[in-house]
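My structure is below; once you've seen it, I'll send some questions.
The values are calculated or read from the model by the stated rules, or taken from the named source; none is laboratory data. A quick note: this is a predicted structure, and the numbers were derived from the prediction, not measured. Reconstructed Cβ throughout: ideal geometry from the backbone, glycine too, with neighbour counts over all protein chains shown.
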Amino acid sequence: MRRQHRDTEFSHRKLSRRTLVVGGLQLGFVGMLAARMRYMQVEQADQFRLLAEENRVNIRLIAPTRGEIFDRNGVPLARNAPSYRIIIVPEDAGDVEEVIARLATLIELDPEELARARTEIQRTRTTPFLPVTLADRVDWEALSRVAVNAPALPGITPEVGLTRIYPRDADTAHVIGYVGPVSDYDLSRIEDPEPVLRIPRFQIGKVGLEAREEERLRGKAGAKRVEVNATGRVMRELDRREGQRGTDLQLSLDAELQRYVQARLTGESASAVVIDCETGDLRAVVSAPSFDPNLFVRGISVADYRALTNDDHRPLANKSVQGAYPPGSTFKMITALAALEEGLVRPNDTVYCPGHLEVSGRRFHCWKRAGHGHVDLENSLKQSCDVYYYDLALKVGIDKISAMANRFGLGIRHDIPMSAVAAGLTPDREWKQRVHKQDWLVGDTVNASIGQGYLLASPLQLAVMTARIATGRAIDPRLVKSVDGVETPVTGGGSLGLNENNLRQIRKAMFAVSNDRRGTAYRARIIDDAFRMAGKTGTSQVRNITAAERASGVINNADLPWARRDHALFVSFAPFDKPKYACCVVVEHGGGGSTVAGPIARDVLLQALYEGTPPLAAYPEADRNRIKAQQERLQREQIERAGTESGRA
C-alpha cells in the first residue's frame with residue numbers, strides 16, 4: 001500500500017511537469033502568433049494597404065496641353081482648339097458593326113479613319129473596355145445628332161479634346177512644320193521614350209519647329225488614379241494631378257510679311273529670306289510652293305500626299321534652309337573681299353575683259369560674249385563681269401576665298417530650330433583631297449570665283465552673308481524671339497575684323513548694281529530716296545554649255561525645258577545708308593537674276609520697310625501699273641483667306 005502511494009505521488013508530479021511544459025509551449029506559440037499578428041497589422045499595415053491598393057488602383061497618364069506658337073506681334077501660328085470626336089467602347093456596344101452602321105446613318109464617317117478604328121478594335125480584343133476613336137474633328141451639328149440618338153447607339157460617346165491647328169496654314173508650313181500621331185518609327189528613334197508617348201493617338205512634332213522644339217512644346221504629363229475591377233475595367237476616378245503645360249514660343253517672324261512673300265512667290269519654285277540687320281531676327285522665311293500642314297495633323301490621305309510628292313516644284317521641301325544652290329554671281333563680293341583684304345588688288349585697278357580668259361589651255365567665258373573691256377571693282381560688280389573675278393581668283397587662291405566665305409556665314413550650318421538646315425559647301429584644297437581623292441585644279445578656283453563649281457549655299461546663308469556685308473558685323477540668324485515671355489539672347493553681332501574701307505567699296509558697288517543705269521538690277525530699283533536698295537544679281541547654271549552651242553549661240557532659257565533653265569538669284573539690303581533688312585531670293589530655274597529674282601526682292605524689301613503696302617511712288621514708273629494690279633490681287637486674296645481662317649477658328 002505504501003509503495004502504491006509513492007507511485008501515485010510520483011506520477012502526479014510527473015504529470016504536473018508535463019502540463020507546465022506543454023502549457024508553456026502553447027503559451028509561447030500563442031505569444032509568437034500575437035506578436036506576428038501585431039507586426040503585420042500595426043507595423044506593416046501601410047505596406048499591405050499599398051499592395052491591396054495596387055491590386056485595385058491604376059495610375060493613368062493625362063496628356064499635357066501642347067505649347068502654342070506666335071509671331072513677333074502675338075499672331076497665333078500654331079494653337080490648340082477644341083475638337084469633338086466620337087468614340088466607341090466595344091464591350092458596351094455589343095454588336096460593334098451594327099452600331100457603326102447606325103452611326104453612319106447619322107454622320108459621315110471617313111473610310112480611312114474607320115479602317116484605322118477597326119484595326120485598333122481588333123488589336124485590343126483582350127481589353128474591349130478601352131475606348132476607340134471612330135470619328136475625329138466632327139462639327140457641333142454632327143455631335144448633337146449623336147447625342148440625341150444616344151439610346152440607339154450603345155457604347156458610343158461624344159467627347160471633347162484638343163487638336164493642333166495652324167491658322168496661317170501654308171504661309172508658315174515650312175517653318176512651323178506639323179504634328180502627328182506617334183508611330184513605331186518615332187519610338188524606335190528615341191532611346192528611352194517617355195510613357196506619355198504611348199498614349200493612343202498622342203501627337204508629337206514631325207518636322208520643322210514642332211519637331212526641333214518637341215520637348216519644350218510637349219510639356220509634362222499629368223496622372224489620375226482610377227479604381228478598376230478584376231478585369232481591368234475602370235469603375236471610378238479617385239483623384240487626378242494635372243500635367244504641366246508646354247512652353248509657348250514667340251518667333252521673330254512677321255506673319256503679315258510672311259504672308260505677303262508667300263503670295264508674291266505664287267507660281268514659282270522659289271524661296272526668300274528676310275533678316276533684320278540689327279538683331280539677326282528672321283522676319284520672313286518662305287519656300288514656294290507650300291502645303292497645308294493641317295492635312296497632316298490627323299493623317300493625310302493617300303491622294304493628297306501623292307499630289308504633293310508628284311509635284312515637280314517640290315512643295316514639301318523647305319528650299320529656304322534645306323536648298324543648296326550654286327550662288328552664282330552673288331558670290332563675287334566674297335572673291336573681291338578676299339583679294340582686297342590680302343592687298344592683292346585696289347578698287348581702282350582694272351582688268352581687261354575680252355569676253356573670256358584662257359587658263360591652262362581652257363577658255364573660261366564671261367556671260368557677255370563681246371566682253372566688258374576695262375573694268376574696275378565697282379564696274380565689275382555693277383555689270384557682273386566674270387573675267388574680272390577669274391583674274392582675282394588666280395591671284396588670291398581658293399583657300400583664302402573659302403576662308404572669307406566662312407567668315408560671312410557660308411559653309412556653316414546656322415543654329416536655328418528647323419528641319420535639315422543645310423551647311424552648304426565652301427570647298428578648298430584639303431576638302432577635294434579628302435572627299436574626292438584628287439588634287440585641286442586651277443580651273444576649280446576659276447569656277448569658284450563666280451559661285452559655280454563645287455560651291456553651294458542656301459538662301460538663309462546668302463541672306464546672312466548680305467547682312468554681314470551691310471553691317472560689317474557677324475550677324476547670326478534668330479528664329480525664336482522669346483520663350484514663355486522671356487526674351488532669348490541675341491548672339492553674334494561682333495565685328496568681322498575686316499578693313500571698313502574695303503567693305504565700303506563693296507557696298508558702293510552693290511548700290512551701283514541697283515541704282516546706276518548700267519547696273520544689272522537697275523530695272524528692279526527702289527525709287528524712294530529714304531529706302532534706296534543695294535543688291536547683286538546672280539544666275540547659276542544647272543547644265544553644261546558645250547563649245548558647239550557657244551559657237552552657234554547659247555540657247556535662251558525660255559527655249560529650254562523648265563528643269564534645265566538657270567536658277568535666278570538676288571541678294572540685297574536697304575536702306576543703303578542705314579541697313580535695316582537684308583534679303584535673298586532664289587527662283588529655281590527662273591532664268592536671269594535681274595529679271596526674275598530682283599523684282600521679287602525689291603517688292604519684299606519695300607513691304608518690310610513700309611510695314612505694309614508701299615505707295616506706288618516707291619516703284620519705277622514702268623512697273624506701277626503691274627504693281628497696282630498685283631497689290632489689288634493680293635488684297636483680294638488676303639480678304640478671302642481671312643474669311644477662311646475665321647471659319648476654321
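Contact list please: Cβ distance under 9 Å, first residue in segment 628-645 and β-branched (Val, Ile, Thr), second residue modelled with pLDDT of 85 or more and part of a helix (DSSP H, G or I), pairs at least six apart or on different chains.
THR644/ASP169
Does any residue of segment 332-343 turn out to be under 14 Å from ILE450 (Cβ atoms), assigned by TED's automatic domain parsing to the domain that holds GLY451 and β-branched (Val, Ile, Thr)?
yes
Among the strands (runs of 3 or more DSSP E) lying completely within segment 477-583, list those that include at least 1 residues that are touching a Leu at 6+ places or on another chain (Cβ under 7 Å) and closer than 16 Å to PRO599 by Cα.
534-540, 567-574
Would you mind stating whether GLY451 is part of a loop (DSSP other than H, G, I, E, B), of a type in the set (Gly, Ala, Ser) and either at pLDDT 95 or above or closer than 23 Å to ASP399 by Cα (or both)?
yes
Hey, which of the helices (runs of 4 or more DSSP H) in segment 109-194, taking only ones fully inside, have at least 2 residues that are of a type in the set (Asp, Glu) and either crowded, with 19+ Cβ neighbours inside 10 Å or assigned by TED's automatic domain parsing to the domain that holds LEU282 (or both)?
It comes to none.
OK, next. What is the one condition in (1) closer than 30 Å to VAL273 by Cβ; (2) of a type in the set (Lys, Arg); (3) surrounded by fewer than 20 Cβ atoms within 10 Å (Cβ to Cβ); (4) touching a residue at least 12 places away in the same chain (Cβ under 8 Å) that ARG225 does not satisfy?
For ARG225, the failing item is (1).
Going by the conditions given, is LEU197 outside any strand (DSSP E or B), in contact with a strand residue (DSSP E or B) (Cβ under 8 Å, 6 or more places away or on another chain) and assigned by TED's automatic domain parsing to the domain that holds GLU242?
Here the answer is yes, as LEU197 does meet what is asked.
Of all residues in segment 468-482, which are among the hydrophobic types (A, V, I, L, M, F, W, C) and over 19 Å from MET333 (Cβ atoms)?
Correct list: LEU479, VAL480.
Would you tally the residues in segment 589-637 being in contact with a strand residue (DSSP E or B) (Cβ under 6 Å, 6 or more places away or on another chain), modelled with pLDDT of 95 or more and not hydrophobic (A, V, I, L, M, F, W, C)?
Looking only at that region, the number is 1.
Within segment 455-470, can one find any residue that is more than 26 Å from LEU340 (Cβ to Cβ) and assigned by TED's automatic domain parsing to the domain that holds GLU278?
No, that holds for no residue.
If you don't mind, another one. Has segment 286-293 got any residue that is in the same structural domain as LEU498 (by TED's automatic domain parsing), over 19 Å from the mean Cα position of the chain (by Cα), in contact (Cβ under 8 Å) with a residue 60 or more places away in the chain and not in a loop (DSSP other than H, G, I, E, B)?
no
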